[in-house]
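For reference, the structure is listed below as structure tokens.
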């Protein structure tokens, strides 16, 4: 079954699929996936296909004998439900597919027979299925002698349908009835019409939000075709603004013309609410703008005090949040929060700004009474990430006079100077030999870069040791070092050695079998060593409940909701056998404890974790260490 699932993923994608994507979709370890891929070599030889690994891209399915491969397809091996009976998550996904696409009651015995598992397995899986449905305010209603079916408000059903049925990349097959409806739905023509009427009314929309509205309309038409309607009171307690009601009316008229479906007034109102929460209205009234600006400025001031940042001084950030907040508050008011297909990638690459974004969400809830989802917080995080990137560039522009000390001759020094002028276009770059160090140190330079170690320390001037030849990786390293130096809480031109964050007393090669218990133990250890405040354990666990910090391939970076470390440090736990938490395996745990003002340092830690997520050989070396000394040696190789 696992072989069929992997082949189906590769066959439907048509492009190389990375190992971390396969492990995430299958819920299996890398070792297991590699074993399955090896067994597929023999299967492919018999059925006319092969799987090729392309370095840096992933695994690609290639057909060598189309007739044999299509015979393999015709046997139904790829058109089955593709449920991996050995994988609990795969079985639960199948049950959700089965129940959400069925309008009638389904018996437990029938589902067990369909899946080929025991009744007791179905009973066990349904307990967690019910929990997943409860998150959408839906329940499994049981009726004696008939079976069970999903019940709840139609708007909640549609949210669950979108989340579980229309997620990209799943391996389960839709029902024939659903596929037939998909074939009749003309997405391109609908998108073109939506863009036309939005532009006509001076409304802007992002590609992600446009796709979200198209998905909503597809589910709307499919459900209405089955006589499932939004009824009065389900959508909201108040009517949408006239502009959006007019827009929804136009779309309803287009639907009636092209699909011969007449939408009831409640459906039109619900559609209007979706549009109001996903479009940007440039004609926003000055009164509304003024009110929002005041609220955003107040929130940014609080964040600046807590994180020692300068968000409120960034006009671009304030304006970006202004345009984002208007539809966001509409979505929150009508409980129509967006899904975010980028949230996992954004979180793994910008874990530092998610700390800010979740605090932003807390303040929104406190001031407006609306609770933001983690997906919505992901969209807000992108604005803060853009701010930090702008700040990094502006900080680099502060270096106006740069001296390069090079001992290999004028040609090498000239090449370095030309490279640096491309990085610091507003700076004056001069070169000097090692014999001119004293003279250079007395001049008003902002930065000294040296290809050789300096015999004497130069006080009050930043000095960075660089390679003889500056490649892209070295230039990036210089930028990151300068960002860390400029943004340190305490002014210092000496970059703290990254290794100092790791401490012998905070390094472990084992721990409790329960992930939550392990975090509690490591947090208490931080407090006992006086590295963290007393509420550190509470903050970390609260953060984990909001959104688990377990990333891809067993790497985790838990951290608190507040950056309030007494001493910056990282607790490390390396587990020989992975734990599983919320369906995710975890084996390398980096518990991050940083103080206010260390967002850029948090970013560098995130980059280290990202390397471990993406590079299997780096992970393997860390997982094989048996002592703190070996761990530090491997970290040195990674930095």
Next item on the list: Output the qualifying pairs, or none if there are none: Cβ atoms under 6 angstrom, residues six or more apart or on different chains, first residue in region 104-115 and free of Cβ contacts under 8 Å to residues at least 12 places away in the same chain, second residue buried (at least 16 other Cβ atoms within 10 Å of the Cβ) and assigned to a helix (DSSP H, G or I).
Entry: 112/122
Next item on the list: Test residue 213 against the stated conditions and say whether it is modelled with pLDDT of 75 or more, crowded, with 18+ Cβ neighbours inside 10 Å, in contact with a helix residue (DSSP H, G or I) (Cβ under 7 Å, 6 or more places away or on another chain) and not assigned by TED's automatic domain parsing to the domain that holds residue 8.
Entry: yes
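Does residue 358 satisfy being within 21 Å of residue 306 (Cβ to Cβ), assigned by TED's automatic domain parsing to the domain that holds residue 317, part of a helix (DSSP H, G or I) and touching a residue at least 12 places away in the same chain (Cβ under 8 Å)?
On the way: within 21 Å of residue 306 (Cβ to Cβ): yes; assigned by TED's automatic domain parsing to the domain that holds residue 317: yes; part of a helix (DSSP H, G or I): yes; touching a residue at least 12 places away in the same chain (Cβ under 8 Å): yes.
Judged against the criteria, residue 358 is a match.
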Note to self: Quick test of your reading of the structure: residue 332 fulfils all but one of (1) modelled with pLDDT under 85; (2) buried (at least 18 other Cβ atoms within 10 Å of the Cβ); (3) not in a helix (DSSP H, G or I). Name the failing condition by number.
What the structure shows: (3)
Next item on the list: Give the residues of region 623-639 that are assigned to a helix (DSSP H, G or I) and either at pLDDT 85 or above or closer than 30 Å to residue 384 by Cβ (or both), sorted by residue number.
Entry: 623, 628, 629, 630, 631, 632, 633, 634, 635, 638
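Taking helices (runs of 4 or more DSSP H) that do not extend beyond region 422-540, which have at least 2 residues that are at pLDDT below 85 and surrounded by fewer than 17 Cβ atoms within 10 Å (Cβ to Cβ)? Break it down stepwise before answering.
Numbers: elements: 437-441, 472-486, 515-528.
Helices (runs of 4 or more DSSP H) meeting the threshold: 437-441, 472-486.
Kindly indicate which of 338, 317 is closer than 21 Å to residue 379 by Cβ and at pLDDT 75 or above. Give the derivation first.
Details: 338 fails: at pLDDT 75 or above.
None of the others qualify; the one that does is 317.
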Notebook entry, point to check: Hey, among 606, 620, which residue is modelled with pLDDT under 90 and surrounded by fewer than 20 Cβ atoms within 10 Å (Cβ to Cβ)?
Noted result: 620
Margin query: Considering only residues that are more than 23 Å from residue 481 (Cα to Cα) and at pLDDT 80 or above, which ones fall in region 341-372?
Written below: 357, 358, 359, 360, 361, 362, 363, 364, 365, 366, 367, 372
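Using the structure shown, decide if residue 283 is over 28 Å from the mean Cα position of the chain (by Cα), surrounded by fewer than 18 Cβ atoms within 10 Å (Cβ to Cβ) and either modelled with pLDDT under 80 or part of a helix (DSSP H, G or I) (or both). Steps first, please.
Details: over 28 Å from the mean Cα position of the chain (by Cα): yes; surrounded by fewer than 18 Cβ atoms within 10 Å (Cβ to Cβ): yes; either modelled with pLDDT under 80 or part of a helix (DSSP H, G or I) (or both): yes.
Judged against the criteria, residue 283 is a match.
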Check: For region 92-113, does any single residue satisfy the condition of being over 34 Å from the mean Cα position of the chain (by Cα), modelled with pLDDT of 85 or more, part of a strand (DSSP E or B) and on the phi < 0 side of the Ramachandran plot?
Finding: yes
Notebook entry, point to check: Among (1) buried (at least 19 other Cβ atoms within 10 Å of the Cβ); (2) touching a residue at least 40 places away in the same chain (Cβ under 8 Å); (3) closer than 29 Å to residue 473 by Cβ, which single condition is residue 597 missing?
Noted result: (1)
Margin query: Going residue by residue through region 59-66, is there one that turns out to be at pLDDT 85 or above, farther than 17 Å from residue 13 by Cα, in a loop (DSSP other than H, G, I, E, B) and touching a helix residue (DSSP H, G or I) at 6+ places or on another chain (Cβ under 9 Å)?
Written below: yes
Next item on the list: Pull up region 584-603, narrow it to residues that are at negative phi and part of a loop (DSSP other than H, G, I, E, B), then point me to the one that is modelled with the lowest pLDDT.
Entry: 598
Item checked: Those residues of region 391-421 which are part of a strand (DSSP E or B) and in contact with a helix residue (DSSP H, G or I) (Cβ under 9 Å, 6 or more places away or on another chain), in sequence order -> 402, 403, 404, 405
Next item on the list: Please enumerate the residues belonging to region 99-125 that are crowded, with 18+ Cβ neighbours inside 10 Å and out of contact with any strand residue (DSSP E or B) (no Cβ under 7 Å at 6 or more places or on another chain).
Entry: 111, 115, 122, 125
Note to self: If I filter region 549-582 down to residues being closer than 20 Å to residue 631 by Cβ and part of a helix (DSSP H, G or I), which single residue comes out as modelled with the highest pLDDT?
What the structure shows: 554
Notebook entry, point to check: Within region 608-639, can you find the residues that are within 21 Å of residue 567 (Cα to Cα) and under 21 Å from the mean Cα position of the chain (by Cα)?
Noted result: 608, 609
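The values are calculated or read from the model by the stated rules, or taken from the named source; none is laboratory data. Remember, predicted model here, so these are calculated numbers, not experimental data. Neighbour counts are summed over all protein chains in view; Cβ atoms, including those assigned to glycine, are modelled from backbone coordinates with ideal geometry.
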